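Here the structure comes first, spelled out in structure tokens, and everything after it is commentary.
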Amino acid sequence: MQVYLVGGAVRDRLLGLPVRERDWVVVGATPQEMLALGYKPVGKDFPVFLHPETRDEYALARTERKTGPGYTGFAVHADPDVTLEEDLLRRDLTINAMAETPAGELIDPYGGRDDLDNGILRHVSPAFTEDPVRILRIARFAARFSRWGFHVAHDTNRLLRSMVASGEVDQLVPERVWAELVKALGEPDPVRFFEVLHGCGALDRLFPELAPLYPPAGHASTAAVHAALPVLQAAVRLSEEPAVRWAALICDIDNADPTALDKPRLTALCERLRTPNACRELALLALQYRSQVHDIESLAADAVLDLLMALDALRRAERLDDLLLVCEAEARSRDAGLLDYPPARLVLQARRACLQVKAPAGKHGPEIAVIMRARRIEAIKRMLA
């Protein structure tokens, strides 16, 4: 039995990045032998085990054979005769198809180290086309490693385009699309994720709402393509929260075509992608109220209170903070030299003024609400004075 460190841990160590997870491949073993050594089985579709002490994942070396459409149509063969090279061959990219021995010796049968050094995202074998999730994964890796100038190899991009043309991309279920999208939104350069999808033609199929923001593939400079999502690009510098970046993306769509999204259309988009409630709610608030936030200095005190109540700002401070970051990102997308964002300060000051208002004693029911509203408006007037 031989054990090798594989995949992302090897790649990230070579890049000088922190290694957060370690995955291992076991060659020459059977499930029974793993159980006898105390490993705990966790794999459903193929033999994967947890180390009894470290809880790292150890998978038996395996090969895969395409048996049907989509990313679930595979037959898995795990056997002691499967070699390390055969196991690495089924992986998506050469930079993810490297292994290390326990002594630290690099095993690189498919040129992953050279591609890592040269910033190339290249498929390992033609079997890359058998799994449509790889379209999203390669775009996500481009977003992760953008700072080093990583780009998709030309041959690999041709494979991506063939997967789109053949309809393989249409086999992706919404939950899987969102799972990859939310990971991409958390990467250092999520704008790059959409650029890669645009470049291979997948953007039209997966996110048709975004397609009009981009010129036809091959008809614009790289800089012009990268400028297609300015609010998202600005949001990246303000927050790592996927919900903030998702709402910023919605702002980009709305700014490009104010008729493209209204509340029902945005709700339908979020339902199609199975978007979590937190992301959906923040995006809806940004779509409906960001203009009022931008213009808060021109609002009367009663309108400021109405805005705060519509945002549920007195109860949900964290969500309000996130919305203000989205609004600031939009402001910075229009003025790169912006030093601060005064509307955020005014919104928070108005909120504090309202929270300091005391409820009247001896009053009941609707009468309290009327008095509280009047007192809050007066508090906001004093704050604005």
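The values are calculated or read from the model by the stated rules, or taken from the named source; none is laboratory data. Bear in mind that the values here come from a model prediction, so they are computed numbers and not experimental data. Cβ placement follows ideal geometry from the backbone for every residue including glycine, while neighbour counts extend to all protein chains displayed. Please note that ligands, DNA and RNA were not included when accessible areas were found on the heavy atoms of the full protein model with its side chains. Shrake-Rupley method; radii C 1.70, N 1.55, O 1.52, S 1.80 Å.
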Requested in this report: Answer yes or no: is there a residue in region 64-75 that is of a type in the set (D, E, K, R), within 25 Å of the chain's Cα centre (by Cα) and surrounded by 17 or more Cβ atoms within 10 Å (Cβ to Cβ).
Outcome: no
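Quick one: in region 253-266, which of the residues that are in a helix (DSSP H, G or I) and without any contact (Cβ under 8 Å) to a residue 60 or more places away in the chain is surrounded by the fewest Cβ atoms within 10 Å (Cβ to Cβ)?
Quick first cut of region 253-266, residues in a helix (DSSP H, G or I) only: 253-256, 263-266.
Still in the list and also without any contact (Cβ under 8 Å) to a residue 60 or more places away in the chain: 253-254, 256, 263-266.
Numbers: 253: 23, 254: 21, 256: 17, 263: 10, 264: 8, 265: 14, 266: 22.
Once the filter is applied, the top-ranked residue is 264.
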Requested in this report: Check region 120-134 and report whether any residue there is more than 30 Å from residue 30 (Cα to Cα), touching a strand residue (DSSP E or B) at 6+ places or on another chain (Cβ under 6 Å), open to solvent by 10 Å² or more (accessible area, probe 1.4 Å) and of a type in the set (A, V, I, L, M).
Outcome: no
Query raised in the report: Using beta carbons and a limit of 7 Å, which pairs, at least six apart or on different chains, have the first residue in region 89-108 and in contact (Cβ under 8 Å) with a residue 60 or more places away in the chain and the second one surrounded by 13 or more Cβ atoms within 10 Å (Cβ to Cβ) and of a type in the set (S, T, N, Q)?
Result: 107/101
Query raised in the report: If you go through region 296-316 one residue at a time, do you hit one that is within 25 Å of the chain's Cα centre (by Cα), open to solvent by 60 Å² or more (accessible area, probe 1.4 Å) and not charged (D, E, K, R)?
Result: no
Report task. Would you be able to say whether some residue in region 235-247 is within 26 Å of residue 96 (Cα to Cα), crowded, with 23+ Cβ neighbours inside 10 Å and not charged (D, E, K, R)? Result -> no
Report task. Within region 23-41, count every residue that is closer than 22 Å to residue 89 by Cβ and surrounded by 18 or more Cβ atoms within 10 Å (Cβ to Cβ). Result -> 5
Report task. For region 156-178, enumerate the residues that are open to solvent by 40 Å² or more (accessible area, probe 1.4 Å), within 25 Å of residue 275 (Cα to Cα) and not in a helix (DSSP H, G or I). Result -> 173
**Report entry** Number of positions in region 37-61 that are out of contact with any strand residue (DSSP E or B) (no Cβ under 9 Å at 6 or more places or on another chain) and over 20 Å from residue 102 (Cβ atoms)
**Finding:** 1
**Report entry** Residues that are farther than 20 Å from residue 179 by Cβ and crowded, with 19+ Cβ neighbours inside 10 Å, drawn from region 267-287
**Finding:** 285, 286, 287
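So, in region 321-348, exactly how many residues are among the small types (Gly, Ala, Ser) and open to solvent by 30 Å² or more (accessible area, probe 1.4 Å)?
So the answer is 3.
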Query - Flag if residue 148 is over 30 Å from residue 321 (Cα atoms), open to solvent by 10 Å² or more (accessible area, probe 1.4 Å) and of a type in the set (Phe, Trp, Tyr) - result: yes
Report summary line: The number of residues in region 97-131 that are within 19 Å of residue 61 (Cβ to Cβ), polar (S, T, N, Q) and in contact with a helix residue (DSSP H, G or I) (Cβ under 6 Å, 6 or more places away or on another chain) is 1
Report summary line: For region 1-17, pairs from a residue that is more than 28 Å from residue 78 (Cα to Cα) to a residue that is of a type in the set (Phe, Trp, Tyr) and open to solvent by less than 50 Å² (accessible area, probe 1.4 Å), with Cβ under 9 Å and 6 or more apart or across chains, are 15/145
Report task. Evaluate the following for residue 290: is it buried (at least 17 other Cβ atoms within 10 Å of the Cβ) and among the charged types (D, E, K, R)? Result -> yes
Query raised in the report: Taking interchain pairs and intrachain pairs at least six residues apart, which have beta carbon atoms under 8 angstrom, with the first residue in region 147-169 and in contact (Cβ under 8 Å) with a residue 12 or more places away in the chain and the second of a type in the set (Phe, Trp, Tyr)?
Result: 150/141; 156/128; 159/128
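Quick check on this structure: which one of 220, 224 is at pLDDT below 95 and not in a helix (DSSP H, G or I)?
220
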Query raised in the report: Which helices (runs of 4 or more DSSP H) sit wholly inside region 283-385 and have at least 3 residues that are at pLDDT below 95 and over 22 Å from residue 241 (Cα atoms)?
Result: 366-384
Report summary line: Note on residue 85: of the conditions (1) more than 23 Å from the chain's Cα centre (by Cα); (2) surrounded by 16 or more Cβ atoms within 10 Å (Cβ to Cβ), unmet is (2)
Report task. Go through region 146-155 and give me each residue that's part of a helix (DSSP H, G or I) and either within 12 Å of residue 197 (Cα to Cα) or among the small types (Gly, Ala, Ser) (or both). Result -> 146
**Report entry** Count of residues meeting criterion [among the polar types (S, T, N, Q) and modelled with pLDDT under 95] in region 53-106
**Finding:** 4
